[in-house]
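I have placed the structure first, in the form of structure tokens, so that the comments after it can refer back to it.
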Amino acid sequence: MNGSAGNAVLSTWVASPGAVAAGEFRYYPGTDTWWWSDALVELFGYAPGEVVPTTELLLWHHRATGKDRERTLAAIALAASGEAPVQVQVIQDARGSERAVVVLVDVAWSDPTGVPVARGVVLDVTSVVGVGARAQANEQIGLWAQSHAAIEQAKGVVALAYRMTPDAAFAALRRSSSLANVKVRDLAAAIVAVAQDLPAGADPRPALDRVLGGADQAA
């Protein structure tokens with residue numbers, strides 16, 4: 001189950017947060033089995049190889065009982081189906097510390113064997129948003145996740161359109177946002193909207209040129 005992250009957009013999710021810790025996972029709903037990367041095992045507070053990832057272990061970290069358990073199981077099902085590609089959660093690690101996390105599911109990826117599987121990453125954003133009351137933390141994480149998801153999608157669009165690396169695409173976004181005096185997340189949202197409106201098979205570069213203001217030429 002220890003597959004490599006071949007999808008370019010998923011790779012940018014893992015690499016881009018900088019100081020934000022990130023770990024990958026695979027979930028096989030048919031057999032209710034998991035694979036967690038060593039980084040994700042450590043994010044939950046364990047040493048690599050110390051535990052076997054299971055749904056019950058995940059529920060324990062959510063301190064999920066009663067209705068909370070039902071909601072958590074429903075959230076796992078939505079993630080596995082691709083209906084909830086971004087989720088915000090507060091968990092407790094093995095040491096009892098609360099962690100604010102964002103779960104990003106790669107809905108564009110399918111297992112080459114044809115076995116149903118959900119692949120994604122978990123970002124520990126505690127250092128970015130902090131953790132206080134759960135409602136407040138969820139609101140803060142939600143705002144962060146919306147902004148981050150739009151930027152990651154825009155990076156993927158620009159990288160593919162101009163055949164550049166994700167880092168170069170992000171540099172182009174920052175350069176264009178600075179020149180136009182707009183926030184990166186607003187520019188990213190505009191790029192995603194342009195990409196979604198393009199007819200199938202159309203060259204995205206003319207439309208992106210107008211949004212980026214020639215960032216591809218400067219890259």
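In this simple spin-label approximation, Lys183 and Val51 carry label points 7 Å from Cα along the Cα→Cβ vector, and these lie 3.5 nm apart. For Gly82, the amide hydrogen comes within under 5 Å of no other amide hydrogen, counting only partners 5 or more places away or on other chains and with H modelled in the peptide plane. The packing ranking, built from the mean of other Cβ atoms within 10 Å per residue, places the peptides 150-159, 46-55, 30-39 in the order 150-159, 30-39, 46-55, highest first.
Here the dipole of the stretch 144-213 is about 180 debye; that uses its Cα centre as origin and unit charges on the Cβ of Lys and Arg (positive) and Asp and Glu (negative).
Positive end of the dipole of the stretch 20-130, charges at C-beta (+1 Lys, Arg; -1 Asp, Glu), about the Cα centre: which of Ala39, Thr65, Gly82 has its Cα farthest in that direction? Of the candidates, Thr65 comes out farthest on the positive side.
Distances between placed amide hydrogens fall under 5 Å for Arg99 paired with Ile91, Gln92, Asp93, all partners being 5 or more residues away or on another chain. For the stretch 144-213, the solvent-accessible area works out to 56 Å² per residue, with a probe of 1.4 Å and every protein chain left in place.
For q = 0.11, 0.22 Å⁻¹, what log10 I(q)/I(0) does the stretch 20-130 give under the Debye formula with an equal point scatterer on each alpha carbon and no solvent? Here the Debye-derived log intensity ratios amount to -0.32, -1.39. Between Leu198 and Asp32, residue separation times 0.36 nm minus the direct Cα-Cα distance comes to 56.0 nm.
Cα centroid separation, the stretch 191-212 to the stretch 16-91: 34 Å.
The values are calculated or read from the model by the stated rules, or taken from the named source; none is laboratory data. No experiment lies behind these values; they were computed from the predicted model shown. All Cβ positions, even for glycine, are placed from backbone atoms using ideal geometry, and neighbour counts span all protein chains on display. Note: accessible area is taken over every heavy atom of the protein model, side chains too, but ligands, DNA and RNA are not part of it. Shrake-Rupley method; radii C 1.70, N 1.55, O 1.52, S 1.80 Å.
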